[in-house]
1. If you go through the range 124-141, how many residues are surrounded by fewer than 17 Cβ atoms within 10 Å (Cβ to Cβ) and free of Cβ contacts under 8 Å to residues at least 60 places away in the same chain?
2. Here are some residues: 305, 238. Which one is surrounded by 15 or more Cβ atoms within 10 Å (Cβ to Cβ) and within 26 Å of residue 116 (Cα to Cα)?
3. Name the residue that is farthest from the ligand (Cβ to nearest atom), counting only residues in the range 276-308 that are closer than 18 Å to residue 173 by Cβ and in a loop (DSSP other than H, G, I, E, B).
4. Counting only residues that are modelled with pLDDT of 85 or more, give me the helices (runs of 4 or more DSSP H) lying completely in the range 1-69 with at least 2 of them.
5. Yes or no: the range 238-254 includes at least one residue that is among the polar types (S, T, N, Q) and assigned to a strand (DSSP E or B).
6. If a residue must be more than 18 Å from residue 198 (Cβ to Cβ) and touching a residue at least 60 places away in the same chain (Cβ under 8 Å), how many such residues does the range 319-342 contain?
7. Pull up the range 255-275, narrow it to residues that are part of a strand (DSSP E or B) and of a type in the set (D, E, K, R), then point me to the one that is nearest to the ligand (Cβ to nearest atom).
Amino acid sequence: MIDRLQELGREALEEIKQADSVKALESVRVKYLGKKGPITEVLRGMGQLSEEERPKVGQKANDVREEIKEKLEEKTEQLEKAAIDEKLKAESIDITLPGREVKQGARHPLTAVVEEIEDIFVGLGFQVTKGPEVETDQYNFEKLNLPAEHPARDMQDSFYVTTDMLLRTQTSPVQARTMETFEGQGPVKIVCPGKVYRRDDDDATHSHQFMQIEGLYVDKNVQMSDLKGVLEAFVQKYFGADRSIRLRPSFFPFTEPSVEVDVSCGICGGKGCRVCKYSGWIEVLGAGMIHPNVLEMSGFDPEIYTGFAFGMGVERFAMLKYGIDDIRHFYTNDIRFLNQFKRA
Ligand SMILES: [Zn+2]
């Protein structure tokens, strides 16, 4: 009987060893330790044993039972731990993979340049104003001293909505619109950035849509020297303190006298190079003292008030600052181009 118990013990331990799931272990437990199991069976036959043998067999049966129980518990724990390990392994994050890039947007270079120029003029006491892009002939031309049939109109052919409504060819109409709201009382000190349109054939330096920033200062005793001082301060802030400006006589219908403003070349320092076409200077904007007719048409008495105005192309300022060689880059929205301005 003791040998039989010994044998059962070995069989049970072997089956526990082979079990590969908690469920399999449970059936081993039922098989050996259950009420209908072989060990119980053996103990039932104890009645036939002698007084002497009985405690020995009882002891052995208990030992075998305990051992089976112990091994079952051990193995159950082992299997449960393995299951957890397996689960953790399946759910773990592989930290050796490179992270996913967070796509960073960028301001369009023209927006960045407009904001930079606005900031400079705000620092000089100017206010930023805006005006409509669809403009009347009255504001786009007439009020700027450009009556119908004026030859200078030929340089600014536009897109007409009706015979007297068009996409504005310049930001200058905002001058007249703003001056009117002041009802003849200065000072008026504004810059107005915005999109303008001309019926031009697109090439490396021309675009049918581009941006301008217009500036205007009207007050008592505003002089040409004020214009020069403001523009020099602006140019040195934008291009660098080592740059200087020069004024060349020019013609605009809405200013008298009128000037073209050149900035000294930053590449050659004025000695002459390819960028400045060997002149040492680069043309950047047009300006002048506001024509008395323009002041009068906008409700200001030219006997009391004087003023200056200037206008610049935003693309030109961006191209000069960032060394861009084709104006069309600004409008084709090529991500490879735009990506270069993430920190601009
Ligand atoms: Zn140069």
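1. The total comes to 3.
2. Being surrounded by 15 or more Cβ atoms within 10 Å (Cβ to Cβ) and within 26 Å of residue 116 (Cα to Cα) holds for just one of 305, 238, which is 238.
3. Result: 299.
4. Filter on the range 1-69 gives 2-18, 22-33.
5. Yes, there is a match, as at least one residue in the range 238-254 is among the polar types (S, T, N, Q) and assigned to a strand (DSSP E or B).
6. The total comes to 9.
7. 262
Okay, residues lined up against (1) touching a Phe, Trp or Tyr at 6+ places or on another chain (Cβ under 8 Å); (2) over 15 Å from residue 69 (Cα atoms); (3) surrounded by fewer than 16 Cβ atoms within 10 Å (Cβ to Cβ):
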site	(1), (2), (3)
5	no, no, no
9	no, no, no
14	no, no, yes
21	no, yes, yes
30	no, no, yes
37	no, no, no
44	no, yes, yes
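The values are calculated or read from the model by the stated rules, or taken from the named source; none is laboratory data. Only a predicted model underlies this, so the values are computations on that prediction, with no experimental measurement involved. Virtual Cβ from ideal backbone geometry, glycine too; neighbours counted across all protein chains shown.
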